[in-house]
1. Considering only protein heavy atoms and a probe of 1.4 Å, how much of the accessible area of segment B:198-281 is carbon and sulfur, as a whole percent?
2. Grab the beta carbon distance between B:Asn32 and B:Asp323, set R0 = 30 Å, and tell me the FRET efficiency rounded to 0.05.
3. For segment B:33-69, which residues drop by 50 square angstrom or more in accessible area between the chain on its own and all protein chains together (1.4 Å probe)?
4. By what distance, in whole Å, do the Cα atoms of the protein assembly as shown stretch along each of the three principal axes, largest value first?
5. Which of the peptides B:57-64, A:74-81, B:37-44 is most tightly packed, and how do the rest follow, judged by the mean count of other Cβ atoms within 10 Å per residue?
6. Principal axes first, then extents: for the Cα atoms of chain A, list largest minus smallest coordinate on each axis, whole Å, largest first.
7. Can you list the distances in nanometres, one decimal and ascending, from the B:Leu24 label point to the identical position in each other copy, with the point 7 Å along Cα to Cβ?
8. Antiparallel DSSP bridges in the protein assembly as shown: what percent, to the nearest 5?
Protein chains: 2
Amino acid sequence: MTLQPRNGRAPSVKDVAAAAGVSLGTVSNVLNRPAVVSATTRERVERAMAELGFVRNESARQLRAGTSRALAYVMLDGGNPFFHDVAEGIETAAEDADLSLFVCNSSGRSEREVKHIDRLVQQRVQGILITPVDPDAPHLRDISQRGIPFVMVDRFSRDGGHCSVAVDDVLGGRIAVEHLIDRGHRRVAFVGGPDSIGQVRERLQGARAIWAEFGMPEEDLIHLPTEALTVAEGRSAGERLAGLPTRRRPTAAFCANDLLALGLLQHAVTAGLRVPDDLAIVGFDDIDFAAAAAVPLTSVRQPRQELGRTAARLVLDEATNPDHTHEQATFVPALVARASTGTVRR
Amino acid sequence: MTLQPRNGRAPSVKDVAAAAGVSLGTVSNVLNRPAVVSATTRERVERAMAELGFVRNESARQLRAGTSRALAYVMLDGGNPFFHDVAEGIETAAEDADLSLFVCNSSGRSEREVKHIDRLVQQRVQGILITPVDPDAPHLRDISQRGIPFVMVDRFSRDGGHCSVAVDDVLGGRIAVEHLIDRGHRRVAFVGGPDSIGQVRERLQGARAIWAEFGMPEEDLIHLPTEALTVAEGRSAGERLAGLPTRRRPTAAFCANDLLALGLLQHAVTAGLRVPDDLAIVGFDDIDFAAAAAVPLTSVRQPRQELGRTAARLVLDEATNPDHTHEQATFVPALVARASTGTVRR
DNA sequence: GCGGGCGTTTGAAATGTTTCAAGAGTCGTG
DNA sequence: CACGACTCTTGAAACATTTCAAACGCCCGC
């Protein structure tokens with residue numbers, strides 16, 4: 001392929017048609033319905049395209065079609081590998097449907113989220129997947145009202161006005177704490193916050209439920225609140241934990257996500273505590289870095305890629321199936337036991 | 001804003017014009033040159049837009065303009081937080097220029113890279129930033145030949161045919177190993193591979209250079225090759241390291257990136273080695289998880305966000321400045337000493 | 001009362017693609 | 001030889017926006 005000298009403008013179908021001595025429509029047919037055009041013509045057109053270095057103009061195509069060939073995912077925190085894995089799941093599904101995926105990152109900031117959404121609506125994307133800063137924000141409502149297929153990822157819809165995909169967080173909290181009780185722990189910390197995050201509330205709720213079911217005293221499940229779900233907050237929780245009087249100090253901690261757990265682990269190791277002997281730790285999400293930690297972390301696994309794939313499936317169904325009905329897909333989390341809760345306590 | 005019942009089509013400027021009783025051109029003026037239209041008309045048009053829930057159709061806009069209002073970054077490995085940080089830097093610069101950023105991920109697979117690039121060219125993005133699988137791949141050459149602004153990120157251009165942004169990897173290798181020599185280590189492993197990755201070669205080259213300058217015997221800098229720059233490969237390198245006869249066993253390891261270092265750290269801890277006393281570890285990149293490790297990792301810091309910002313600046317210069325000249329921006333890496341190389345050896 | 005200038009609005013053209021009804025050409029059959 | 005059937009190609013319309021020259025209305029000054 002010898003690219004023509006750029007005389008300023010990219011070659012269009014018109015140029016190709018002229019070069020091949022055929023009409024506009026024929027070039028378009030070569031592009032979209034190669035079967036209907038004769039072999040010789042097709043070949044001639046294809047040669048012309050190669051010589052000119054023709055590339056379809058996607059804007060024009062979209063304009064005509066009325067919609068773009070793309071989905072979008074607005075993730076909550078690009079720094080958390082969890083969301084990257086979800087995005088990867090979405091992308092595989094998008095690829096199967098021959099769509100591109102635009103990945104945006106709100107970084108937990110509502111105004112960025114709004115900005116991204118505005119852009120995506122302007123682009124006329126086929127559907128929007130989002131893990132929102134606030135699941136009840138009014139600008140989310142607008143998306144559905146516009147008729148744009150819309151799925152909430154890793155959050156639940158309060159009102160069923162759209163699809164959502166998430167894991168049963170209450171159950172996740174239960175199995176994490178049940179595992180710790182199994183291992184012989186009788187005083188456990190729940191590390192997580194802020195309360196405004198629904199999942200934190202639900203994981204704690206599950207933890208409390210199972211704790212009560214085992215007949216353990218309420219005050220022995222200690223809530224250490226955090227301001228965010230970050231490594232730094234995990235460290236700070238570790239300090240507070242170490243500051244507790246010995247008889248009140250938990251022998252295990254259940255963290256609302258793996259970043260917190262990694263931070264807590266770091267603090268524990270630095271402080272000379274042995275994990276799991278002095279302090280057992282359970283995380284949530286089972287990101288790759290959990291398994292990769294110096295003391296591999298026990299974690300409540302979310303099917304991250306599958307979450308993404310399902311979300312993409314739902315949004316595509318909404319986009320193409322006229323009698324689509326909204327669906328709240330719930331996945332079952334699973335405990336992955338590793339060294340950080342390794343031994344049964346004496 | 002009361003959204004009109006969706007009669008199938010999104011409202012266009014034409015609809016707005018009709019609703020406001022003005023012409024097409026006026027609506028466009030309200031959108032693009034609000035100053036030239038009278039206050040009363042503007043208000044009327046704006047009300048109409050709000051009532052109809054009008055949203056600009058970006059495709060049509062792009063078609064007219066001939067180019068999209070977006071940049072793109074094709075990253076090499078979405079699973080490595082390093083690239084996420086670079087992307088964030090790019091995004092801030094893009095935002096300042098009021099452009100969107102499309103983030104794509106080749107996952108180290110050449111065919112995905114090609115696919116992404118094809119799509120981006122079709123979208124007529126203003127410029128492409130890329131950390132390529134292979135910096136010499138012919139499809140990269142085509143991008144520039146098409147006249148699309150193009151910058152290589154974290155890789156160097158061999159021939160100066162385009163801009164690039166990277167860190168001085170040879171220097172990075174030097175300062176890592178100098179640090180270890182300083183700390184009293186006399187037998188050091190270099191963990192990294194495959195050799196096809198230029199940066200691995202250069203980091204090793206720097207390591208060897210400083211090693212020779214200090215007059216250390218060549219055979220005491222031991223190359224432990226890996227198949228990829230991943231945590232798993234780091235672990236496997238750890239096993240091989242442990243398998244060496246005691247007198248040949250290094251007291252420190254310099255890893256070609258932080259993922260390897262984390263894997264190596266994990267293996268060491270599992271094997272009961274004390275870090276840094278039995279084995280000191282230096283990583284490269286200084287991703288957040290390096291600082292968050294149970295034994296915080298010493299690492300060679302790359303200015304990740306700045307790398308991204310600069311790359312975006314360069315691509316924008318190429319896009320807008322008629323007498324742009326290609327530039328190879330080089331950043332100076334810096335050692336961040338942490339606990340994993342903590343003590344001076346007796 | 002008329003021309004000039006100013007601020008505002010208009011209408012048409014242009015962007016690149018796809019679609020689709022209609023046309024052209026060819027071949028075989030009655 | 002005429003007609004229908006079939007294959008292939010054509011040309012025009014449509015998509016939603018922006019731009020820009022031209023028109024419009026109005027006031028001012030002469």
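1. 51 percent
2. Values: r = 28 Å, r/R0 = 0.95.
Here the calculated transfer efficiency is 0.60.
3. B:Val55, B:Glu58, B:Ser59, B:Leu63
4. 79, 67, 53
5. Top of the packing list down: A:74-81, B:57-64, B:37-44.
6. 89, 42, 34 Å, listed from the longest principal axis down.
7. The answer, with the shortest distance listed first, is 1.6 nm.
8. Working: 7 of 77 bridges.
Just about 10 percent of them are antiparallel.
The values are calculated or read from the model by the stated rules, or taken from the named source; none is laboratory data. Since the model is a prediction, treat every value here as computed from it, not as a measurement. Counting neighbours? That spans all protein chains shown, and the Cβs are built from the backbone with ideal geometry, glycine included. Areas reflect the complete protein model, heavy atoms only, side chains present, ligands, DNA and RNA absent. Shrake-Rupley method; radii C 1.70, N 1.55, O 1.52, S 1.80 Å.
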